[in-house]
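To start, the structure itself, in structure tokens.
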Amino acid sequence: MNGWTWLALAAAALAGWLAYRRTREVACTIDLASTPTDFHAHVVLDGVDVNEGDAVLVHGAPDHIGLGEVRTMQATATVQQASWPRRLLVRVLGTSGITELYEVGFEG
């Protein structure tokens, strides 16, 4: 095998490691409120920490609630945990993206 073959194999292995996500089904608590003083939707996952690059899909959440209504319910969620390289990539790209918000210009 020549050097290009090894490089292609290493790139394919790195791409596979970057794309890999571990999937878990967990229970969660959904807290919804739509009142004149409070408007929020919170989800608390049971037994899993969510980090950079992870994806969460909540199953069974209502798509709307009435005005003045407060609900707390149990549901399930699918958590796709990112691999270490993806987590690092998201952290670096997220940091560079947020610094664009720091730029302030004054003209006049």
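Laboratory data are not the source of any read-out in this text; all were calculated from the coordinates shown. A quick note: this is a predicted structure, and the numbers were derived from the prediction, not measured. Cβ: placed from backbone, ideal geometry, glycine included. Neighbour counts: every protein chain shown.
When the Cα centres of the range 48-86 and the range 1-38 are compared, how far apart do they sit, in Å?
Each part's Cα centre sits 15 Å from the other's.
Can you give the percent of C-alpha pairs in the range 1-42 whose distance is more than 13 Å?
When every Cα pair of the range 1-42 is considered, 73 percent fall beyond 13 Å.
Around His59, under 15 Å between beta carbons, what's the net of Lys plus Arg minus Asp minus Glu among the other residues?
Summing Lys and Arg as +1 and Asp and Glu as -1 gives -2.
Determine the shape class of the chain: with a ≥ b ≥ c the square roots of the Cα gyration tensor eigenvalues, call it rounded for a/c under 1.5, and otherwise prolate if a/b is greater than b/c, oblate otherwise.
Taking the square roots of the gyration eigenvalues as a ≥ b ≥ c, the chain is oblate.
Assuming 0.36 nm per residue, please report the length gained on full extension of the stretch Ala41 to Ala11 beyond their Cα-Cα distance.
Gain on extension, Ala41 to Ala11, equals 6.7 nm.
Report, in degrees rounded to the nearest 10, the 0 to 90 angle that the Cα long axis of helix 3-19 makes with the longest principal axis of the chain.
It works out to around 10 degrees.
Counting helices only, and only those DSSP H runs with n ≥ 4, report the 222 nm mean residue ellipticity of the chain as the sum of -39,500 (n - 2.57) divided by its residues, in deg cm²/dmol to the nearest 500.
Computed mean residue ellipticity for the chain: -10000 deg cm²/dmol.
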